[in-house]
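Written below as structure tokens is the structure these notes are about.
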Amino acid sequence: MTASPTMPRAGRLDCICEPGTFDEDSAHRSGTALLAAGFAFSILAQVLTLSILPLAGLSLAPSQALATLPYAAFYAGAALASLPASLLLDSFGRRAAFSLGASLGAAGGLVLVWALVTMHFGALVLGAFWLGIAGGFSLFYRHAAVPVGGKGAGALLLVFGAATLASVAAPSISAFAEAWASPRVFAGTAAAAALAHIVSLAATAALPYHKRHIPAVEAPNPQSWRAVLLPTLIGALGWFAMTALMGATPLAVLGCAPSEAVVGAVAWHVMAMYAPSLGLAVFPQAARPIPLAIGGCLLLASGAIAFILSSTTGGFSASAALIGIGWSLTMLGTTLWIHRAGLVSRWSLGLHDSILLSGAILGALAANGLA
């Protein structure tokens with residue numbers, strides 16, 4: 001007996017929806033909005049975390065040489081998570097992957113609170129590591145926002161731009177949390193970071209299900225690793241400069257101002273990291289990969305010079321802002337660069353981000369020598 005080609009075979013699920021009942025454009029818009037919300041709260045958690053890790057490490061470390069270990073552990077967690085995050089996105093979709101990252105971030109934030117309340121340095125390093133894992137997952141928001149082939153860069157710019165709101169809110173949230181948790185220094189900020197990851201989890205859990213699926217008849221060959229090598233090296237250099245200088249900035253600010261000024265300097269930095277995306281979203285034709293990357297590197301160099309010459313809170317804040325803008329343009333440029341020529345395999349994306357974050361770890365370890 002031969003089965004008719006028109007008859008559904010056993011076990012096959014056929015769609016019986018009426019044509020036109022699924023609005024793909026509407027799903028894309030809602031997905032972009034939820035990605036932007038999830039990314040913004042994830043970045044808020046990172047701002048709060050990174051503003052206290054260098055100072056908490058300085059307070060709890062058994063020796064000065066270990067003061068930046070929690071800061072470095074954050075980026076070590078991010079580097080180790082980047083490849084698994086990439087593969088999870090491919091296998092289970094963005095909703096599952098980003099929700100897992102946010103869950104780990106919430107747990108890491110609670111571990112950080114416990115470490116600060118009990119004055120336990122080992123737990124501080126562990127909590128920072130878990131929060132870094134969440135940060136590694138967060139890096140893939142930018143890849144998830146870029147459609148196959150790199151078209152529609154506006155979605156990427158809007159997702160990046162949403163993080164600007166996090167930097168605006170961070171100082172006020174940190175001040176309120178610290179007043180609430182007083183006299184346990186930094187515990188309130190760590191609790192706020194955990195709560196931000198919980199809100200991010202709520203946003204990502206509501207994402208419409210979407211896996212990066214390309215019909216076989218239309219799937220191009222993925223780019224070779226050589227095609228992404230140069231933007232990867234430029235991006236790693238940008239991460240090294242940013243983490244080295246921003247790891248040293250809180251310690252430098254503490255030398256000339258009260259600890260409350262540190263969150264403000266870090267907030268200016270984060271605002272500068274993501275604000276350029278809002279401008280480029282208005283003028284997307286200006287988002288050309290190579291000029292953005294080169295301009296970003298020049299601004300990072302300017303920020304390094306400003307840091308060396310600074311001796312006041314205002315000078316360090318200006319340096320942090322230049323570093324943030326330089327990092328932003330470098331990351332936007334290199335992200336658009338690797339996507340512009342077509343499909344990039346998840347393995348390549350995971351290795352790309354692992355190399356970026358390896359540069360970040362080296363910068364974090366170098367921060368102690370710059371402070």
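Results, tabulated for the structure shown:
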read-out	value
Condition met for ALA179 (open to solvent by less than 30 Å² (accessible area, probe 1.4 Å), in a helix (DSSP H, G or I), hydrophobic (A, V, I, L, M, F, W, C) and at pLDDT 75 or above)	no
Candidate set from segment 214-233 (those that are at pLDDT 75 or above and either open to solvent by 40 Å² or more (accessible area, probe 1.4 Å) or not in a helix (DSSP H, G or I) (or both)); member that is nearest to GLY324 (Cα to Cα)	LEU233
Unique match (being in contact with a Pro (Cβ under 8 Å, 6 or more places away or on another chain), open to solvent by less than 80 Å² (accessible area, probe 1.4 Å), modelled with pLDDT of 85 or more and not aromatic (Phe, Trp, Tyr)) among GLY31, GLY38, GLY77, GLY57	GLY57
Unmet criterion (only one of (1) farther than 19 Å from LEU55 by Cα; (2) of a type in the set (Val, Ile, Thr); (3) over 19 Å from the mean Cα position of the chain (by Cα)) for ILE133	(3)
Candidate set from segment 120-130 (those that are in contact (Cβ under 8 Å) with a residue 60 or more places away in the chain and more than 12 Å from THR49 (Cα to Cα)); member that is surrounded by the fewest Cβ atoms within 10 Å (Cβ to Cβ)	HIS120
Boolean, PHE41 is aromatic (Phe, Trp, Tyr) and out of contact with any Gly (no Cβ under 6 Å at 6 or more places or on another chain)	yes
Conditions (1) over 23 Å from ALA367 (Cβ atoms); (2) among the aliphatic types (A, V, I, L, M); (3) surrounded by 18 or more Cβ atoms within 10 Å (Cβ to Cβ); (4) modelled with pLDDT of 75 or more: number failed by ALA241	(1)
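Okay, residues lined up against (1) assigned to a helix (DSSP H, G or I); (2) touching a Leu at 6+ places or on another chain (Cβ under 9 Å); (3) at pLDDT 90 or above; (4) open to solvent by less than 30 Å² (accessible area, probe 1.4 Å):
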residue	(1), (2), (3), (4)
ALA155	yes, yes, no, yes
GLY161	yes, yes, no, yes
ALA166	yes, yes, no, yes
VAL185	no, yes, no, no
ALA192	yes, yes, yes, yes
ALA196	yes, yes, yes, yes
VAL199	yes, yes, yes, no
THR204	yes, yes, no, yes
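The values are calculated or read from the model by the stated rules, or taken from the named source; none is laboratory data. Computed from a predicted structure; not experimentally measured. Virtual Cβ from ideal backbone geometry, glycine too; neighbours counted across all protein chains shown. For accessibility, only protein heavy atoms count, side chains too; no ligands or nucleic acids. Shrake-Rupley method; radii C 1.70, N 1.55, O 1.52, S 1.80 Å.
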